[in-house]
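The values are calculated or read from the model by the stated rules, or taken from the named source; none is laboratory data. Quantities reported herein were computed from a predicted structural model and do not represent experimental measurements. Note: ideal-geometry Cβ built from the backbone for every residue, glycine included; neighbour counts use all protein chains shown. Keep in mind that these areas ignore ligands, DNA and RNA; they rest on the heavy atoms of the full protein, side chains included. Shrake-Rupley method; radii C 1.70, N 1.55, O 1.52, S 1.80 Å.
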Amino acid sequence: MQDLRISLIQGETRWHDPAGNRDYYGDLIAPLAGQTDLVILPETFTSGFSNDAIDQAEGMEGETVAWIQTQAELLGAAVTGSVQLRTPAGVFNRLLFATPDGGLQHYDKRHLFRYANEHMRYAAGNERLTVEWRGWRINPLVCYDLRFPVFARNRYDVERPGQLDFDLQLFVANWPAARAYPWKTLLRARAIENLCYVAAVNRAGTDGNGLAYSGDSAVIDFLGQPVVELPAGEGVATTTVSAEGLAAHRERFPAMLDADRFELR
C-alpha cells in the first residue's frame, strides 16, 4: 500500500441537465490527468438531488456510464460519483467506481432520504461495497448513509483476516448548508471510530428547489483532523493520504481489537 492522491471535485451541479453536467465536470477534472489516483464527484452529479430527475434516469448502457469510464481512462485514475440509474429492479441512486483499466463497480445507496421522500420513488440497495484500488481498500457510501454508523462500521477480521475491512471511506453528497454542522461532525466521527481516512465531496451552489449548499468537502484523517477542506463555492483540491501514517496509528492505537461483533440485517 502506497500513499494515495485524492482529488475532491466540489461543483455547482446544473439542475436536470445530464449533458451539461458531463461537460461541466469534464472540464473541471481534465487538468488532473496524471496528477491524481482518485477523483471524487458529488452525489447525483448529472442532475442534482431531485425526485423528479427519476424521469431522466439512464441505464447502465447509457451515456453517463460510458462517460465516467472514459474519464477514468483519460485521467489515469479512478473516478467515482453517483447518478440515477434505471434497472429492472427499479431506479437506484447508484455510485459508480470506474478505473482506467476499464473496470466498473457500483454501490446502490442503502439509506434513502425519507425527509425528501427519496424512499417513495427510488429503490434501496442492500449490499455494502469494498473496492481495492492501488493497494487501498475503499468503502464508498452516499450522503444519508453518513448518519448510520452500523452500516458504515469498519470491522476487524471479517472481510480480510487479521485486518480491518477498509482503509478509506468515501461519501458523495448533496448535503444542504442548513445541516452543515452535522455533516462536518459525522465525517469526523466516522474517521475516528473506523480508524481510517474519510474523503467526502458535497456539491456547491443552489439547486432547482432553492436549497443552498456550502460544500464543506474534505479529507479527514484517522484522528478526525482535516487533511484538506474546501470553502464554499466551486472548488477542486488534491491531497495525499499516508499509508505509513495510517498503519502506524492502527498499530499504536488498535481499538479494532476490542470492537463488538455484530450481524447486519
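Relative to the longest principal axis of the Cα atoms of the chain, the long axis of helix 63-75 lies at roughly 50 degrees.
Note: relative contact order over the chain, using C-alpha pairs below 8 Å and six or more positions apart, is 20 percent.
How would the range 1-65 be classified by its alpha-carbon gyration tensor: rounded, prolate or oblate, with rounded meaning a/c under 1.5 and the a/b versus b/c comparison settling the rest? Verdict is prolate for the range 1-65. Charge tally around Asp23: other residues with Cβ under 12 Å, Lys/Arg +1 each, Asp/Glu -1 each, net -1.
Taking square-rooted eigenvalues a ≥ b ≥ c of the alpha carbon gyration tensor, is the range 138-260 rounded, prolate or oblate, where a/c under 1.5 means rounded and, failing that, a/b exceeding b/c means prolate? Please report the intermediate quantities before stating the final value.
Details: a/c = 2.60, a/b = 1.84, b/c = 1.41.
Taking the square roots of the gyration eigenvalues as a ≥ b ≥ c, the range 138-260 is prolate.
For the chain, the longest principal axis of the alpha carbon atoms and the long axis of helix 243-252 meet at an angle near 50°.
Take each peptide in 238-245, 185-192, count the other Cβ atoms within 10 Å of every residue, and average; sorted highest first, the result is 185-192, 238-245. When the chain is treated as a GNM with alpha-carbon contacts under 10 Å, the residue of Asp17, Asp55, Asp108 showing the greatest mean-square fluctuation is Asp55.
Looking at the chain only, what percent of DSSP beta bridges run antiparallel? Nearest 5 please.
Details: 34 of 53 bridges.
Expressed as a percentage, antiparallel bridges in the chain total about 65.
Taking the protein heavy atoms of the chain in the context of the full set of protein chains, the accessible area attributed to carbon and sulfur is 49 percent at 1.4 Å.
Compute the accessible area per residue over the chain, keeping the other protein chains in place, probe 1.4 Å, unit Å². Let's see the in-between values first.
Details: 11280 Å² over 265 residues.
Heavy-atom SASA per residue in the chain reads 43 Å².
For the chain, what does the helix formula give at 222 nm: sum of -39500 (n - 2.57) over DSSP H segments with n ≥ 4, over the residue count, nearest 500 deg cm²/dmol? Don't skip to the answer; put the middle values down first.
On the way: 5 runs with 53 residues, N = 265.
The helix contribution divided over the chain gives -6000 deg cm²/dmol.
With a ≥ b ≥ c taken as the square roots of the eigenvalues of the C-alpha gyration tensor of the range 45-181, please select rounded if a/c is under 1.5 and otherwise prolate if a/b is larger than b/c or oblate if it is not? Provide the component values of the computation, followed by the final result.
Working: a/c = 1.75, a/b = 1.14, b/c = 1.53.
Oblate, since a/c reaches 1.5 and b/c is not below a/b.
Peptides 75-87, 155-167, 217-229 ranked from most to least packed by the mean count of surrounding Cβ atoms within 10 Å: 75-87, 217-229, 155-167. Matching the structure-derived volume of the Cα convex hull per residue in Å³ against the labelled list (1) 118; (2) 139; (3) 127 gives the label (1). The long axis of helix 180-193 is offset from the longest Cα principal axis of the chain by roughly 30 degrees.
Where both partners of a DSSP beta bridge lie in the range 139-215, what percent of those bridges are antiparallel, to the nearest 5? Intermediate results must be reported in sequence, preceding the final value.
Details: 4 of 14 bridges.
Roughly 30 percent of the DSSP beta bridges within the range 139-215 come out antiparallel.
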